[in-house]
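Structure, as structure tokens:
None of the figures in this text is laboratory data; all of them are computed from the coordinates on show. Small disclaimer: the values here were computed from a predicted structure and weren't measured. For neighbour counting, all protein chains shown are included, and Cβ atoms are generated from backbone atoms with ideal geometry for every residue, glycine included.
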Amino acid sequence: MGKLTAKQVDNLSDPGTYEDGEGLRLFIQATGRKSWVFRFQLNGRRREMGLGGFPQVSLKDARLACSAFRIQLSSGVDPLAARDAERATRKLAQQEAKQNEKSFEAVAREYFEAHGGAWSERWRKGWIRKLELYAFGRIGTSAPKDVQTEDVLNILRPIWAVKSRTADEVRSQIEQILDAAKARGLRSGENPARWRGHLENLLSRQEKKKARTCQRFEALSWKDAPKLMQQLNGLRVRNAQALQLLLLTGARSHMVRFARWDEFDLVERVWRLDESRMKTRQPFTIPLSDSVLRLLEAIPVVSDSQYLFPGHGRSGVMHANAMRDLLKVDLGYQDVTCHGFRSTFRDWAGECTNYPRFICELALAHDERGSVESSYSRSDFLEKRRPLMADWASFLSSFQSPDV
């Protein structure tokens, strides 16, 4: 039996330490606060561990706790270390439970913060705004694991026919967010926003086709492309180098503006872009011709920037209108757009080469293979695209002055 009784513990008020026996002590502070302490010895070392305050922890509870700790000691277990480990495990479980309680909107905004830095300012604003308008109101508070196909359909159906492009972009965004949630262990199973083999069976294919209808941009005639390249060669300024890279690779403007040095492998002679950098949200590799390699060697590296074409704005890259202004204002190509250079390349490839149509389309990251064919044919035909892009670079360097 212990030395203390429940009545004594309740009535004791003088500051000091009161022994109950077998290592259990009641400690009373000058403020009158009472707390329990278990004192033990392990491997020749004396240690103390708090058991809580009185009356929250009664004399009976304190004795039971001490009895359990003495059993641990008899087995060579440090009760203080064991309790710390148990608390750490409990804290981790609570953190995981809290993580699993994240809402779709929270995961979406975290995805936006993680990937949005590589996007243009216009795309950043539009990306989050579309979710605010069409998705957050319906599934924003839902946990990612609870989002089902019917939830996605309820978002898409009202806008699938009247705003088909927007609907397709929203669907893609939801798919990306749910994929990210799955990677973080916040959901499992198939992605309810996946198009191929899933939503394509539930939504109109015709509207899907409309959603992918391309906007037409004014394009430079392929016959005039070598002259433009010659003009750009003579300028030797950063904006002109960006336009040259745009022409030589068939890339989109934002791909060039946000091009990073670590994306280029000069040994393998490729430019690798991950899914966050592509409009199709699929990784893409561009083969580099000798002309592109020489261009990259001529572009000065700015030590405090990861980008080929850094700028002073929030995005960290050259202004969105820099290439356009050079083209229209400085060079006088008023009726030509930068995006139209992709059509320039495609017209040249169709009229002047014998490369297969699908290779020419793949050079522009247009994969026209159907869902069944893509399931079996997964190559990006990089090596077949190399000679195409080399021939294009050779054509661009073929300009001869009329005076020659």
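Charging the Cβ of each Asp and Glu at -1 and of each Lys and Arg at +1, and nothing else, the dipole of the chain about its Cα centre rounds to 940 debye.
Extending 7 Å from the Cα toward the beta-carbon at both ASP367 and LYS279 defines two label points whose distance is 1.6 nm. Here the stretch 104-211 was treated as a single set of alpha-carbon atoms; its pair distances binned every 10 Å from 0 give 15, 49, 33, 4 percent.
Extension gain, GLU132 to ASP347: 0.36 nm times the residue separation minus the Cα-Cα distance gives 73.5 nm. For the residue pairs LYS125/LYS279; LYS328/LYS384; LYS125/LYS163; LYS182/LYS279; LYS7/LYS91, the alpha carbons lie more than 25 Å apart in LYS328/LYS384; LYS7/LYS91.
Taking every alpha-carbon pair under 8 Å whose residues sit at least 6 apart, the chain reaches a relative contact order of 12 percent. Kindly provide log₁₀ I(q)/I(0) values, in the same order as q = 0.16, 0.22 Å⁻¹, from the Debye equation applied to equal alpha-carbon scatterers of the stretch 6-100. Each listed q corresponds, in turn, to -0.74, -1.08. Once the dipole of the chain is set up with Lys and Arg at +1 and Asp and Glu at -1 on Cβ about the Cα centre, which of LEU178, GLN29, THR337 lies farthest towards its positive end? The residue sitting farthest along the positive end of the dipole is GLN29. Derived value for the stretch 1-41: Kirkwood hydrodynamic radius 10.5 Å. Basis is the mean of 1/r over every pair of different alpha-carbon atoms. Which part of the stretch 44-64 falls in the paramagnetic zone of SER74, meaning amide N under 14 Å from the point 7 Å along Cα-to-beta-carbon? Within reach of a label on SER74: no residues.
Can you compute the FRET efficiency between SER120 and ARG386 using 1/(1 + (r/R0)^6), with r the Cβ-Cβ distance and R0 = 51 Å? Round to the nearest 0.05. For SER120 and ARG386, the calculated efficiency is 0.95. The alpha carbon convex hull volume per residue for the stretch 222-396 rounds to 122 Å³. Among residues other than TYR134 with Cβ under 13 Å from its Cβ, the summed charge is +2 (Lys and Arg +1, Asp and Glu -1).
Here the residues THR337, THR89, ranked from fewest to most Cβ neighbours within 10 Å of their Cβ, fall in the order THR89, THR337. For TRP261 and GLU200, the FRET efficiency from 1/(1 + (r/R0)^6), where r spans their Cβ atoms and R0 equals 41 Å, is about 0.60. Peptides 350-357, 281-288 ordered by packing proxy, namely the average of other Cβ atoms within 10 Å per residue, highest first: 281-288, 350-357. By the count of other C-beta atoms within 10 Å, a proxy for reagent exposure, THR17, THR344 are ordered fewest to most as THR17, THR344.
Could you line up LYS34, LYS227 from fewest to most neighbouring Cβ atoms inside 10 Å?
Sorted ascending by nearby Cβ count, the order is LYS227, LYS34.
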